[in-house]
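FYI, it's all coordinate maths here, none of it is from the lab. As the structure is a prediction and not an experimental result, all values here were calculated from the model. Every residue, glycine as well, gets a Cβ built from its backbone with ideal geometry; the counts of neighbours run over all protein chains shown.
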Amino acid sequence: SVVVVGSVNCDITVVTDELPEPGQTVTGRSVTLAQGGKGANQAIAAARAGAAVTLIGAVGDDDFAEVPVGALRDAGIDVDSLRRTTGPTGLATVTVAASGENSIVVIPGANAHLTELRRSELDAVATADVLSLQLEIPMSGVLAAAEHAHAHGTTVVLNPSPVTELPSSLLEVVDILVVNRGEAARLAVETLPPRMVVVTTLGSDGVRVIHAASDTDASIAAPAVDTVDTTGAGDVFAGTLCARLPDGLVDAVAFANAAAALSTTRPGAGSSAPSAQDVSVITHR
Ligand code: ADP
C-alpha cells in the first residue's frame, strides 16, 4: 500500500483572451474547478495504477474542500484520515491566456497545518509499503513523515517539488528521489549518496534511473504519443512509480514512464492519469 503525505488543493482555472493588466477587468471565456495539489495528484495516479492509497493531508472548512475530496473519493482513495481544519482549503487560481501565458496565485490554506504528524498518521506511515512525499507542505511535516517511515522500513520516495534546498536529515532517510531536469540540476543529484536511487524524468526523452550502490544506470525512452498537455506529467510519473515499486525498480520506472507519457495525451493534471489497463496496452505494443 501507498501512503501519500502531501498537499490537497482546489484549482480554479480561468481562460481569457489576454491576461488582465493591473487595474484592468477582462471578460473570460471559461472557468473550471478541479482537484489539484501535488499530493492529491500523485495519490490519484497511484490509485489508478492499482495501489491501495491513503492520503494524509488537510482541507479547510470552505465550499472548495469538496472539489478535491470528491475527486479523491471517486478515485477510491481513503480520505478518512484527511484533516478538516478551520479556514480555507489550499487553492490555486490559474489564469491562462490564449497565447498560453499564465499567471497563478497559490493560497497554501490548510496545507500549512501539516507541520507535524499526529499519532494515527504516523501509524499509517509505519504500516505502508511506500511513503510518497512532495514539498507543498511544511518541511517539518515532510521530515517527520520521512523519518518515521525510515525507522519502520517503509520505502521513502521524495519528489522535491517545488524545489528547495533539502536538509541533510531528509537526504539521510530518502530511498528514491524523483526529479525533473531542473530539479536535478538545482539539487546537484550526482553528488548525492550512492545509497540513494535517483530517477530523473526527461520530458519527451523519457527517464533515467541511477543507483550507484547496485550499479544500476538505465535509460528508458518515452513512448511516442500525441501530446496535448504536459501539465502534471511529473505527478503522474511519481504517483505511478510508488504504486508499481513491488514490480521492482526498473520495471516500475518503465511503467511510470508509459503512464506519464499517456497522461500528456489528455488535458488536466491529476485527472489525466491513465488506468493500469491503459498503460499495459501502450507498454505491450
Ligand atoms: P515535469 O512534468 O515534472 O516537468 P517531465 O517533463 O520530465 O516532468 O515529465 C515527466 C514524465 O512525463 C517524463 O519522464 C515522460 O515519461 C512523460 N512526458 C513528459 N512530456 C512528454 C512528452 N512530450 N512525450 C512523452 N512523454 C512525456
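First select every other residue whose beta carbon is under 12 angstrom from the beta carbon of ALA128; then total the charges, Lys and Arg +1, Asp and Glu -1. That works out to -4. Note on the chain: dipole from Cβ charges, positive end direction compared against GLY248, THR25, HIS148; the farthest Cα belongs to GLY248.
Using DSSP loop states and a limit of at most 12 other Cβ atoms within 10 Å to flag GluC sites (Glu not before Pro), what is the longest stretch of the chain containing no flagged site? My reading of the result: 166-285 is the longest stretch. For the charge dipole of region 113-203, defined by +1 on Lys and Arg C-beta atoms and -1 on Asp and Glu C-beta atoms about the Cα centroid, which residue among MET196, ALA128, HIS113 has the Cα displaced farthest towards the positive pole? After comparing all options, I get MET196.
Counting pairs of Cα atoms in the chain, how many percent are more than 26 Å apart?
Summing the P(r) tail past 26 Å for the chain gives 41 percent.
About its Cα centre, region 168-285 has a charge dipole of approximately 120 debye under the convention of +1 per Lys or Arg Cβ and -1 per Asp or Glu Cβ, with nothing else charged.
Rounded to the nearest 20 debye, what is the charge dipole size of the chain about its Cα centre when +1 sits on each Lys and Arg Cβ and -1 on each Asp and Glu Cβ?
That gives a dipole near 280 debye.
A protection proxy built from the mean count of other Cβ atoms within 10 Å ranks the segments 238-249, 149-160, 36-47, most packed first, as 36-47, 238-249, 149-160. Helical content alone sets the calculated 222 nm signal of the chain at -9000 deg cm²/dmol, taking -39,500 (n - 2.57) per DSSP H segment of four or more residues and averaging over every residue. Each of LEU117, LEU131, LEU33 was scored by other Cβ atoms within 10 Å of its Cβ. Arranged with the fewest first, they read LEU33, LEU117, LEU131. In whole Å, what is the distance between the alpha-carbon centres of region 221-272 and region 130-158? When both Cα centres are located, 22 Å separates them.
Look at the Cα gyration tensor of region 1-63: its axes a ≥ b ≥ c give a/c of at least 1.5 with a/b over b/c, and that counts as prolate. Mean projection of the Cα convex hull over all viewing directions, computed for region 158-285: 7.5 nm².
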